[in-house]
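Just passing along the structure, written as structure tokens.
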């Protein structure tokens with residue numbers, strides 16, 4: 001596997017900070033921590049990078065030794081005991097002569113209403129501002145996001161491996177979907193297959209591996225179906241939504257199964273969903289505006305009479321998190337570029353009928369889009 005040069009990442013970020021006239025960046029998101037530290041970080045922490053090239057990790061004492069062993073070798077300072085996270089962060093910034101500096105924080109994402117795991121909380125921001133009254137605290141997500149949005153060959157290699165794990169999970173889930181089988185049993189089959197392919201974690205923000213069936217696929221605007229003990233029935237939609245992590249890189253693959261024989265209303269929803277999927281895929285070329293291709297997809301929903309049930313959100317970037325650029329929505333000003341990796345999405349949920357979902361990993365190439373799954377984007381009949 002190709003090595004990742006973490007020190008080069010720090011160097012590039014330091015240069016970006018200098019250009020933005022920031023003295024330091026404090027990264028608390030999972031995406032930033034994994035990208036810069038190179039180790040799995042489940043607890044509260046912050047990676048601190050200065051415009052002069054210094055870098056360190058502030059992390060919970062009870063997990064710090066593992067990070068020293070599994071990370072690439074950056075300095076790790078601990079908090080715990082009497083000092084809380086923000087108190088320790090403020091003390092280190094003061095010690096580093098940054099108490100009156102201009103500091104970029106992980107406050108909010110741009111071009112999306114979605115939130116990312118690890119953004120600084122309101123009470124943390126207020127506490128930090130109180131402890132560092134002379135510091136200028138600003139949103140700093142754009143500095144690192146601009147570096148993360150285009151993937152290197154080493155990153156693409158890792159995402160391909162995560163794609164293999166997702167494929168294994170979907171194949172196992174497809175084999176497990178049967179009348180009378182619970183959603184949890186299907187989710188367990190998926191999880192086992194992904195672990196066997198090297199996945200170390202299932203992105204848990206939406207409940208880990210999601211399996212929803214029948215009426216549970218049909219919640220209005222219902223993007224989340226954590227698996228339950230519900231038994232899968234005949235003539236039902238079943239959504240399988242899979243998020244493996246391999247070597248700190250996440251893939252998001254969601255596809256839909258129909259178990260049994262669809263009725264007329266089912267078929268109308270399926271036809272609309274497939275038409276929308278095909279419209280999106282045909283527009284995935286470098287140079288195309290994300291907002292414009294998403295508007296095309298919204299019009300497809302309307303053409304089929306499903307404008308009240310199709311969601312105007314069509315995916316997101318993939319990398320060290322599943323909440324990264326580019327965010328695929330009609331208001332986005334983002335331009336597709338070669339090297340971006342996205343999970344293209346199609347969400348269609350009609351109460352009383354059912355729901356279908358696409359979240360499909362793709363690499364934007366110089367000529368179009370390359371599938372990172374071997375399973376076609378379609379509804380699978382069983």
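The values are calculated or read from the model by the stated rules, or taken from the named source; none is laboratory data. These numbers come from a predicted model, not from an experiment. Reconstructed Cβ throughout: ideal geometry from the backbone, glycine too, with neighbour counts over all protein chains shown.
Among 319, 315, which is the only one that is at pLDDT 95 or above, over 26 Å from residue 219 (Cα atoms) and touching a strand residue (DSSP E or B) at 6+ places or on another chain (Cβ under 9 Å)?
Of 319, 315, the one residue that is at pLDDT 95 or above, over 26 Å from residue 219 (Cα atoms) and touching a strand residue (DSSP E or B) at 6+ places or on another chain (Cβ under 9 Å) is 319.
Here are some residues: 304, 316. Which one is outside the structural domain of residue 110 (by TED's automatic domain parsing) and under 19 Å from the mean Cα position of the chain (by Cα)?
So the residue among 304, 316 that is outside the structural domain of residue 110 (by TED's automatic domain parsing) and under 19 Å from the mean Cα position of the chain (by Cα) is 316.
State all residues of the stretch 304-322 that are closer than 30 Å to residue 153 by Cα and assigned to a loop (DSSP other than H, G, I, E, B); if no residue qualifies, say none.
Those that are closer than 30 Å to residue 153 by Cα and assigned to a loop (DSSP other than H, G, I, E, B): 313, 314, 318, 319, 320, 321, 322.
Now, a different point. Looking at 30, 1, which is the one that is modelled with pLDDT of 95 or more and closer than 28 Å to residue 198 by Cβ?
None of the others qualify; the one that does is 30.
Looking at 159, 242, 232, 190 in this structure, which one is in contact with a strand residue (DSSP E or B) (Cβ under 8 Å, 6 or more places away or on another chain), more than 21 Å from residue 379 (Cβ to Cβ), crowded, with 18+ Cβ neighbours inside 10 Å and at pLDDT 95 or above?
159
Quick one: residue 212 ticks every box in (1) closer than 22 Å to residue 101 by Cα; (2) part of a strand (DSSP E or B) except a single one, so which number is it?
(1)
Sticking with this one: Let me confirm something: among 32, 96, 14, 52, which residue is over 23 Å from the mean Cα position of the chain (by Cα) and closer than 18 Å to residue 145 by Cβ?
Numbers: 32 fails: over 23 Å from the mean Cα position of the chain (by Cα); 96 fails: closer than 18 Å to residue 145 by Cβ; 52 fails: closer than 18 Å to residue 145 by Cβ.
After ruling out the rest, the residue left standing is 14.
Something else now. Can you work out which of the residues in the stretch 314-337 that are surrounded by fewer than 24 Cβ atoms within 10 Å (Cβ to Cβ) and without any contact (Cβ under 8 Å) to a residue 60 or more places away in the chain is farthest from residue 280 (Cα to Cα)?
335
Within the stretch 202-214, restricting attention to residues that are under 17 Å from residue 352 (Cα atoms) and touching a residue at least 60 places away in the same chain (Cβ under 8 Å), which residue is surrounded by the most Cβ atoms within 10 Å (Cβ to Cβ)?
The residue in question is 212.
Are any of the residues in the stretch 80-93 within 20 Å of residue 109 (Cα to Cα) and assigned by TED's automatic domain parsing to the domain that holds residue 116?
There is no residue in the stretch 80-93 that is within 20 Å of residue 109 (Cα to Cα) and assigned by TED's automatic domain parsing to the domain that holds residue 116.
Looking at the structure I just gave you, is residue 348 surrounded by 23 or more Cβ atoms within 10 Å (Cβ to Cβ) and either in the same structural domain as residue 40 (by TED's automatic domain parsing) or farther than 30 Å from residue 142 by Cα (or both)?
yes
Something else: From the list 299, 357, exactly one residue is surrounded by fewer than 23 Cβ atoms within 10 Å (Cβ to Cβ) and closer than 30 Å to residue 264 by Cβ. Which is it?
Going through 299, 357 in turn, the sole match is 299.
Still on this structure, I have one more. Among (1) without any contact (Cβ under 8 Å) to a residue 24 or more places away in the chain; (2) in contact with a strand residue (DSSP E or B) (Cβ under 7 Å, 6 or more places away or on another chain); (3) assigned to a loop (DSSP other than H, G, I, E, B), which single condition is residue 42 missing?
All conditions are met except number (2).
Output yes when any residue across the stretch 9-19 is in contact with a strand residue (DSSP E or B) (Cβ under 8 Å, 6 or more places away or on another chain), loosely packed, with under 15 Cβ neighbours inside 10 Å, closer than 27 Å to residue 203 by Cβ and modelled with pLDDT of 95 or more, and no when none is.
For the stretch 9-19, residues in contact with a strand residue (DSSP E or B) (Cβ under 8 Å, 6 or more places away or on another chain), loosely packed, with under 15 Cβ neighbours inside 10 Å, closer than 27 Å to residue 203 by Cβ and modelled with pLDDT of 95 or more: absent.
Restricting to the stretch 233-257, name every residue that is in contact with a helix residue (DSSP H, G or I) (Cβ under 7 Å, 6 or more places away or on another chain) and free of Cβ contacts under 8 Å to residues at least 60 places away in the same chain.
233
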